[in-house]
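Remarks on the structure that follows.
The values are calculated or read from the model by the stated rules, or taken from the named source; none is laboratory data. A quick note: this is a predicted structure, and the numbers were derived from the prediction, not measured. Because the Cβ atoms are built from the backbone with ideal geometry, glycine has one as well, and the counts that use them run over all protein chains shown. Only protein heavy atoms, including side chains, enter the accessible area calculation; ligands, DNA and RNA are left aside. Shrake-Rupley method; radii C 1.70, N 1.55, O 1.52, S 1.80 Å.
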Amino acid sequence: MATIQVKDGTEIYYKDWGKGQPIVFSHGWPLSADDWDGQMLFFEEKGYRVIAHDRRGHGRSSQTAEGHDMDHYADDLAALTEQLDLQNAIHVGHSTGGGEVVRYLARHGEKRVAKAAIISAVPPLMVKTAANPGGLPKEVFDGLQAQLAANRSQFYCEVASGPFYGYNRPGAKAVQATIWNWWRQGMMGGAKAHYDGIVAFSQTDFTEDLKKITVPVLVMHGDDDQIVPYADAGPLSAKLLRNSTLKIYKGFPHGMPTTEADTINADLLAFFKGAASASA
């Protein structure tokens, strides 16, 4: 397996296919690089070099007890880009991975980066606070941790078969293999990383990070996202970014890179080639 070792000794697994301008994919909680299979196959065929890593504690990376916070996630991503000496890269992050990309750009700078895209992403801030009244109450995330600790396997089945892909909506046709694949990826990772990761994705405030970013960023969000409600996420991130394109997708769920891959891939490709335009 291809891995790098970061400064605290953690082994980070990654896959690296093709040649051309690099696209680096950061996955959502509690998944792995495998969640990007549809995008990696598509963009490798389009002449890009595609790279995706398993976040620390996830997938095939080390199941560490420590470092499950956005600073470590960003530092691990920076270590990967430096060890592979990536230049003019495009960074794409889904959900928690969107937060990872935003923190990476703000914390490590943009000298290696051409553009970025954040999809169904957690910034600016998920939890409800006095300054973020549209957020979700902290009790929601405490409940997620409690369910994970009580029966992680059952919890992951319920997330994948329900709100993540919108399979709980009237008339929705659930794809059992997609549910199994989500569960498989989740159970490959470590319970400790996933438990701590709930705090990382829900309580990290990315407001100041977003303000620092100057490269073009495509912000994509479905208006039927039951995991990261779009009204307190995508549009607010787009306003804070200096150079953003916002695309809101009517009826699309949180897991739209999988369920709506044709649409998402086409819009990403148009943005990468410079043809994207703002829409609502």
| remark: When segment 82-108 is checked residue by residue, the ones that are open to solvent by 10 Å² or more (accessible area, probe 1.4 Å) and touching a helix residue (DSSP H, G or I) at 6+ places or on another chain (Cβ under 7 Å) are Arg103, Ala106, Arg107, His108
| task | Check Ala150 against each of (1) of a type in the set (A, V, I, L, M, F, W, C); (2) in contact (Cβ under 8 Å) with a residue 40 or more places away in the chain; (3) farther than 25 Å from Thr259 by Cα and name the one condition it does not meet. | result | (2)
| message | Among the residues of segment 43-63, what is the count of those that are closer than 18 Å to Pro22 by Cβ and out of contact with any Ser or Thr (no Cβ under 9 Å at 6 or more places or on another chain)? | response | 8
| message | Return the pair list, or none, for Cβ contacts closer than 7 Å from residues in segment 230-250 that are touching a residue at least 40 places away in the same chain (Cβ under 8 Å) and more than 12 Å from Ile118 (Cα to Cα) to residues that are assigned to a helix (DSSP H, G or I) and open to solvent by 50 Å² or more (accessible area, probe 1.4 Å), at least 6 apart or on different chains. | response | Leu240/Lys211
| field | Selection status of Gln203, open to solvent by 10 Å² or more (accessible area, probe 1.4 Å), on the phi < 0 side of the Ramachandran plot, of a type outside the set (A, V, I, L, M, F, W, C) and in contact with a Phe, Trp or Tyr (Cβ under 8 Å, 6 or more places away or on another chain) | value | yes
| message | Out of everything in segment 10-47 that is assigned to a loop (DSSP other than H, G, I, E, B) and free of Cβ contacts under 8 Å to residues at least 40 places away in the same chain, what residue ends up being surrounded by the most Cβ atoms within 10 Å (Cβ to Cβ)? | response | Gly18
| Hey, any hits in segment 135-145 for a residue that's in contact with a Lys or Arg (Cβ under 8 Å, 6 or more places away or on another chain), closer than 25 Å to Gly222 by Cα, surrounded by fewer than 24 Cβ atoms within 10 Å (Cβ to Cβ) and of a type in the set (A, V, I, L, M, F, W, C)? | yes
| said: Return the pair list, or none, for Cβ contacts closer than 8 Å from residues in segment 49-63 that are part of a loop (DSSP other than H, G, I, E, B) to residues that are at pLDDT below 95, at least 6 apart or on different chains. | reply: Arg60/Met1
| Are there any helices (runs of 4 or more DSSP H) wholly within segment 171-265 with 2 or more residues that are more than 22 Å from Gln145 (Cα to Cα), and if so which? | 176-188, 207-212, 234-240, 256-259
| Out of curiosity, is Gly171 of a type in the set (Gly, Ala, Ser) and within 30 Å of Gly274 (Cβ to Cβ)? | no
| field | Residue list for segment 146-165, filter: touching a Pro at 6+ places or on another chain (Cβ under 8 Å) and over 18 Å from Val122 (Cβ atoms) | value | Tyr156
| said: Can you confirm whether Ala65 is out of contact with any Leu (no Cβ under 8 Å at 6 or more places or on another chain) and surrounded by fewer than 24 Cβ atoms within 10 Å (Cβ to Cβ)? | reply: yes
| Only one of Lys111, Lys128 that is out of contact with any Gly (no Cβ under 8 Å at 6 or more places or on another chain), open to solvent by 50 Å² or more (accessible area, probe 1.4 Å) and modelled with pLDDT of 95 or more | Lys111
| said: Whether any residue in segment 210-218 is within 29 Å of Glu110 (Cα to Cα), of a type in the set (S, T, N, Q) and surrounded by fewer than 16 Cβ atoms within 10 Å (Cβ to Cβ) is what I want to check. | reply: yes
| query | Quick one: would you say Asp71 is open to solvent by 50 Å² or more (accessible area, probe 1.4 Å), assigned to a helix (DSSP H, G or I) and farther than 26 Å from Thr259 by Cβ? | reply | yes
| task | Return the only residue of Leu268, Leu246 being open to solvent by 30 Å² or more (accessible area, probe 1.4 Å) and either at pLDDT below 95 or not polar (S, T, N, Q) (or both). | result | Leu246
